[in-house]
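These notes are about the structure you will find just below.
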Amino acid sequence: MRDNIETDDSGVRQNKAKNRFELLVDGHLAVADYLIIEDRMIFTHTEVPVALRGGGIAGKLISFAMEAAREEGLKVVPQCSYVDRFLDRHPEYSDLRA
């Protein structure tokens with residue numbers, strides 16, 4: 001099981017204490033919030049600051065999140081519209097959708 005905070009090479013980290021994935025870029029924090037209920041990771045909100053939009057930040061966050069869900073044996077529930085679209089565009093994660 002992962003520690004409370006784990007970071008990948010791109011700087012994305014899972015902050016379990018705050019139930020979110022985070023990426024700090026140039027002083028701006030992008031986040032993907034989630035809840036874990038039973039065997040499901042429920043994504044409730046993804047937010048990328050205006051200054052960072054269009055640079056693939058949300059995709060980096062959610063790719064890392066999908067790998068974390070897979071590693072922990074969780075199914076994904078995309079209540080957040082971005083995560084829902086991400087799963088539609090990335091069939092490599094289709095097995096994770098609850």
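Read the figures in this text as sums done on the coordinates, not as results from a lab. All figures in this text were calculated on a predicted structure; none of them were measured in a lab. Counting neighbours? That spans all protein chains shown, and the Cβs are built from the backbone with ideal geometry, glycine included.
At a glance:
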| quantity | calculated |
| --- | --- |
| For D88: the one exception among (1) farther than 19 Å from N15 by Cα; (2) in a strand (DSSP E or B) | (2) |
| Within the range 67-92, tally of residues that are aromatic (F, W, Y) and surrounded by fewer than 19 Cβ atoms within 10 Å (Cβ to Cβ) | 1 |
| Those residues of the range 59-79 which are of a type in the set (A, V, I, L, M, F, W, C) and either in a helix (DSSP H, G or I) or more than 15 Å from I37 (Cβ to Cβ) (or both), in sequence order | L61, I62, F64, A65, M66, A68, A69 |
